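Below is one structure, written out as structure tokens, with a few remarks after it.
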There are 2 protein chains.
Amino acid sequence: MVASEIRALFAVASRPEVVSLAGGMPYVTALPLDLVGELVADLVATRGSVALQYGSGQGDLALREQICEVMRMEGIEAGPDDVVVTVGSQQALDLITRIFIDPGDVVLAEGPSYVGALGTFSAYQAKVVHIAMDDHGLIPESLEETISAVQAAGERIKFLYTIPTFQNPAGVTLNEVRRRQVLEICRRAGVLVVEDNPYGLLGFDREPLRAMRADDPEGVVYLGSFSKTLAPGFRVGWALAPHAVRQKLVLAMESAVLSHSSFTQLAVGQYLATQPWREQIKSFRELYRERRDAMLAALDVLMPPGCTWTRPGGGFFVWATLPEGLDSKAMLPRAVAERVAFVPGTGFYTDGDGKRHMRLSYCYPEPDRIREGVRRLAGVVEQELQLRDTFGTGSMPGHVGVDTPGPDLA
Amino acid sequence: MVASEIRALFAVASRPEVVSLAGGMPYVTALPLDLVGELVADLVATRGSVALQYGSGQGDLALREQICEVMRMEGIEAGPDDVVVTVGSQQALDLITRIFIDPGDVVLAEGPSYVGALGTFSAYQAKVVHIAMDDHGLIPESLEETISAVQAAGERIKFLYTIPTFQNPAGVTLNEVRRRQVLEICRRAGVLVVEDNPYGLLGFDREPLRAMRADDPEGVVYLGSFSKTLAPGFRVGWALAPHAVRQKLVLAMESAVLSHSSFTQLAVGQYLATQPWREQIKSFRELYRERRDAMLAALDVLMPPGCTWTRPGGGFFVWATLPEGLDSKAMLPRAVAERVAFVPGTGFYTDGDGKRHMRLSYCYPEPDRIREGVRRLAGVVEQELQLRDTFGTGSMPGHVGVDTPGPDLA
């Protein structure tokens with residue numbers, strides 16, 4: 001499937017009768033919308049001439065101070081001078097890549113990794129080399145071996161891109177021992193670490209983990225976001241970077257957009273200053289925990305034998321693996337015909353891997369819909385297994401179109 | 001002066017006692033802030049779950065339809081499918097440059113041209129070649145000769161970047177005959193035109209000019225913005241592009257920031273849908289016309305002989321030329337010491353030109369402050385002329401610091 005086919009498919013998948021386990025949209029309806037409305041009105045009334053004007057390329061100073069307070073929850077000690085506010089953390093990724101990457105440079109990334117990051121790396125013609133993961137995150141030995149092999153081949157590694165906590169798409173978390181090992185390996189090899197942490201405060205079972213940046217201020221660029229703890233519609237993210245990198249980031253920011261929206265920055269600042277934001281994050285955690293529980297329970301009961309999946313301790317995603325011989329991308333049109341959608345695994349790799357995998361999100365649908373979605377998905381996998389057992393393969397790539405759904409071939 | 005010195009100087013220049021004729025900030029306080037406040041509160045109350053959520057990479061469809069209506073005022077017939085909403089038109093510039101430029105490619109631009117565009121072109125390692133201008137905008141013969149010379153030298157021209165209407169910084173407007181000539185020259189030479197038009201609706205003396213894009217939908221990428229007709233704090237701009245370019249723009253947009261803020265897009269959409277925006281633009285026009293008149297009248301009365309300047313028919317800027325032997329950048333520290341600031345001309349060229357020029361903005365200060373600023377400026381130029389007549393030169397670059405102001409040397 002090419003990009004346009006995937007777009008067509010997701011257009012169908014966005015119909016209300018389809019349970020989408022595909023998107024990573026936070027459940028913003030859980031916010032106190034009346035209070036947010038009052039807050040932005042108050043902002044325009046009291047500080048309209050600032051909120052509606054151009055701002056600085058680095059971002060609003062008061063907001064950068066508040067961001068430092070948010071990061072303190074993960075053990076980070078930093079000052080506002082080292083923070084750059086960006087248009088979502090996606091823009092921070094884009095600017096970091098712009099600064100560091102020349103065509104052909106190597107970026108190390110977990111396999112699987114966030115599709116939006118892989119797209120940005122490839123837009124700058126970086127070569128992505130994946131590092132193997134298990135249920136405790138990326139494997140230090142694999143990282144060390146890969147660095148040696150890449151450097152021995154004469155290639156330049158610019159940075160390791162990692163989502164250590166509640167990873168997208170795998171849902172796993174790098175444990176504390178490995179965090180220290182990964183930092184040590186990267187320090188020895190002279191490889192910068194880009195720590196992307198949009199989900200860190202959304203853990204279900206314990207206090208926030210200590211960020212990698214907390215233990216290595218000079219070796220780590222940390223990316224954060226209000227998209228999951230408040231709302232993505234403001235597009236307010238940030239980078240915390242060592243001083244020399246931060247200076248380059250501000251220049252790149254000015255070249256890219258002049259400055260971020262003063263309005264949305266001040267709205268986020270006002271929210272943090274006047275609302276019980278820690279309580280709101282707690283209520284998001286409870287909401288998403290209930291949905292994760294619904295998904296895991298449904299998977300346990302309904303999925304055919306031979307399927308496996310991760311058990312996330314926070315964040316938005318479960319990463320599922322299908323039995324041998326099945327292809328999640330080839331299966332997607334049939335799934336959509338059965339009114340359930342997911343993201344096939346291949347998009348999370350740059351090397352063609354991921355065919356037997358899929359990302360299932362539990363962040364947006366309500367628990368009953370999640371259960372119904374998993375029920376439909378399990379039925380589709382059952383059919384695929386019957387096809388495999390009859391013909392030696394499940395759905396073939398490209399053979400099942402959106403308009404000629406599965407049952408015709410079953 | 002290096003960038004850090006300029007920053008230090010402008011930090012001083014932002015003190016309230018300094019009349020800044022430097023910045024290009026629109027006068028947003030003229031907006032009906034109470035109505036804007038109600039409007040954003042209403043937006044959250046009625047459409048919060050959309051305004052706070054991720055949006056599409058191309059931008060909100062309803063807003064793109066409204067943008068087409070805005071562009072119709074300049075004779076442009078276009079559909080929303082060819083519009084991409086961007087983080088200010090600066091981002092549109094960045095994405096266009098990203099798509100088209102390989103290092104060493106040539107961009108043609110008026111001399112002088114917008115400093116933010118020149119910065120972006122240089123960030124992508126484009127080579128900027130300036131085209132001469134006069135009071136009627138860029139000179140077609142100069143464009144034609146430059147294209148021939150550049151192509152004869154075996155260099156690749158990717159596009160002509162032009163601000164045809166109320167140009168930044170020159171304040172001049174490309175007349176209608178020349179618009180046709182420029183389009184024809186570029187069409188023949190296979191050179192794309194990037195028409196940047198943030199000020200087009202802010203004309204003082206007549207109805208909006210017909211955009212170049214209106215006469216050549218396939219040869220022109222048009223950039224627009226709500227920063228000057230509404231407020232820069234939303235950072236909502238756009239590109240209207242031929243279909244193949246538009247597709248690449250959307251992909252580049254998604255890679256750069258995923259999507260623009262739904263909140264600010266919907267706020268602008270709500271403003272256009274519920275407020276008398278044409279009347280608001282009219283009132284901005286009257287406000288800026290009064291300020292332009294104040295500046296031109298003060299310049300006429302106060303500036304020493306040998307100085308010349310443009311007479312803008314709209315927009316924000318006057319471009320002034322100093323007598324032979326003076327250097328506007330060297331003069332700036334003395335001017336700041338005398339409590340007036342401007343932007344020296346060299347920043348608007350990539351080839352070192354512009355020493356005798358400066359940009360004077362009349363958009364932000366009130367008329368009385370403009371008159372006072374010009375009075376101070378005229379005094380500084382007088383002193384410079386005395387220096388020149390005594391020593392054969394005005395202030396020398398680097399010899400006059402912010403903390404050792406002019407009078408010590410006079």
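If you line up the Cα atoms of segment B:102-235 on their principal axes, what length do they span on each, largest first, in Å?
43, 33, 27
What are the distances, in nm and sorted shortest first, from the label point of A:PRO276 to the label points of the same position in each other copy, with each label point placed 7 Å from Cα along the Cα-to-Cβ direction?
Spelled out, the distances from A:PRO276's label point are 4.5 nm.
Looking at chain A only, what percent of DSSP beta bridges run antiparallel? Nearest 5 please. Present the calculation step by step, with values, prior to reporting the outcome.
Values: 21 of 41 bridges.
Close to 50 percent.
What whole-number volume per residue, in cubic angstrom, does the convex hull of the C-alpha atoms of segment A:291-331 give?
Each residue corresponds to 78 Å³ of Cα convex hull volume.
If I model a spin label as a point 7 Å beyond the Cα along the Cα-Cβ vector, how far apart are those points for A:ALA132 and B:ARG311 in nm?
7.8
Kindly express, to the nearest 10 degrees and within the range 0 to 90, the angle between helix A:3-13's C-alpha long axis and the longest C-alpha principal axis of chain A.
So the inclination is approximately 80 degrees.
For a distance above 20 Å, tell me the whole-number percent of Cα pairs in segment B:1-125 that qualify. Write out the running numbers ahead of the final one.
On the way: 5344 of 7750 pairs.
Percentage above 20 Å: 69.
Of the cross-linked pairs B:LYS158/B:LYS329; A:LYS158/A:LYS248; A:LYS127/B:LYS248, which ones have a Cα-Cα span greater than 25 Å in the structure shown?
B:LYS158/B:LYS329
With +1 on each Lys and Arg Cβ and -1 on each Asp and Glu Cβ, how big is the dipole of the protein assembly as shown about its Cα centre, in debye rounded to the nearest 20?
Magnitude of the dipole: close to 180 debye.
Taking the Cα centroid of segment A:156-181 and of segment B:145-201, what is the distance between the two, rounded to the nearest whole Å?
49
Going toward the positive end of the dipole of segment A:262-395, with +1 on Lys and Arg Cβ and -1 on Asp and Glu Cβ, which of A:GLY306, A:LEU287, A:LEU322 do you reach last?
Sorting the options by dipole projection puts first A:LEU287.
Relative to the Cα centre, what is the charge dipole magnitude of chain A, using +1 at the beta carbon of each Lys and Arg, -1 at the beta carbon of each Asp and Glu, and rounding to the nearest 20 debye?
Using Cβ point charges on Lys, Arg, Asp and Glu, chain A gives about 280 debye.
Which distance in Å, rounded to a whole number, links the C-alpha centroids of segment A:61-129 and segment B:225-298?
So the separation of the two Cα centres works out to 28 Å.
When the Kirkwood radius is taken over all Cα pairs of segment A:168-231, what Stokes-Einstein diffusion coefficient follows at 10 °C and 1.306 mPa s, in µm²/s?
My calculation gives 124 µm²/s for D.
Using only Cα atoms, tell me the angle between helix B:277-302 and the longest principal axis of chain B; keep it within 0 to 90° and round to the nearest 10.
Rounded to the nearest ten degrees, it is 10.
In nm, what does the list of distances from A:GLY325 to its counterparts in the other copies look like, shortest first, when each label sits 7 Å along Cα to Cβ?
9.4
Full extension from A:ASP205 to A:SER14: what is 0.36 nm times the residue separation minus their Cα-Cα distance, to one decimal in nm?
Additional length available on full extension: 65.6 nm.
Can you name the chain A residue with its Cβ nearest the rotation axis from A to B, and give the distance in Å as a whole number?
A:ALA41, 2
For a quick size check, give me the Cα extents of segment B:292-400 along its three principal axes, largest first, whole Å.
So the extents along the principal axes, rounded to whole Å, are 37, 29, 23.
To the nearest 10 degrees, how steep is helix A:61-72 against the longest Cα principal axis of chain A, on a 0 to 90 scale?
Once rounded, one gets 60 degrees.
Which length gain, in nm to one decimal place, applies between A:ASP368 and A:HIS243 when the Cα-Cα distance is subtracted from 0.36 nm times their residue separation?
Residue separation times 0.36 nm, minus the Cα-Cα distance, leaves 40.2 nm.
Taking every alpha carbon pair in segment B:104-175, what does the distance histogram look like in 10 angstrom bins from 0, in percent?
21, 51, 26, 1
Please sort A:136-142, A:328-334 by packing, taking for each peptide the average over its residues of neighbouring beta carbons within 10 angstrom, highest first.
The densest-packed peptide leads the list: A:328-334, A:136-142.
Quick check for me: using +1 on Lys/Arg Cβ and -1 on Asp/Glu Cβ, what's the dipole size of segment A:12-144 about its Cα centre, in debye to the nearest 20?
That gives segment A:12-144 a dipole magnitude of about 540 debye.
For A:SER148, place a label point 7 Å out from Cα along the Cα→Cβ vector, do the same in each other copy, and report the separations in nm, one decimal, smallest first.
6.5
Using alpha carbons only, what's the Rg to Rh ratio of segment A:10-52 with Rh from Kirkwood?
Radius of gyration relative to Kirkwood radius: 1.26.
Write down the percent of antiparallel bridges among all DSSP beta bridges whose residues are both part of segment A:110-258, to the nearest 5. Walk me through the intermediate numbers first.
On the way: 6 of 16 bridges.
Bridges in segment A:110-258 that DSSP calls antiparallel: roughly 40 percent.
Express the Stokes-Einstein translational diffusion coefficient of the protein assembly as shown in µm² s⁻¹, to the nearest whole number, given a Kirkwood radius over alpha-carbon pairs, 25 °C and a viscosity of 0.890 mPa s.
86
What aspartates and glutamates sit close enough to B:LYS228 to cross-link, taking a C-alpha to C-alpha distance under 12 Å and skipping anything fewer than 8 places away on the same chain?
none
What is the mean number of Cβ atoms from other protein chains located within 10 Å of the Cβ atom of each residue in peptide A:32-38, rounded to a whole number? Walk me through the numbers on the way to the answer.
Values: counts 1, 8, 4, 1, 8, 10, 4.
Mean partner-chain Cβ count within 10 Å for A:32-38: 5.
Averaged across A:264-271, how many Cβ atoms of other chains sit within 10 Å of each residue's Cβ atom?
Counting other chains' Cβ atoms within 10 Å and averaging over A:264-271 gives 2.
Working only with C-alpha atoms, what are the Rg and Dmax values of chain A, expressed in angstrom?
Cα-based Rg and Dmax for chain A come out at 21.7, 70 Å.
Bear in mind these aren't lab numbers, they're just calculated from the coordinates by the rules spelled out. Note that this is a predicted model, so its numbers are computed, not measured. Please note: Cβ atoms are built from the backbone with ideal geometry, for glycine as well, and neighbour counts cover all protein chains shown.
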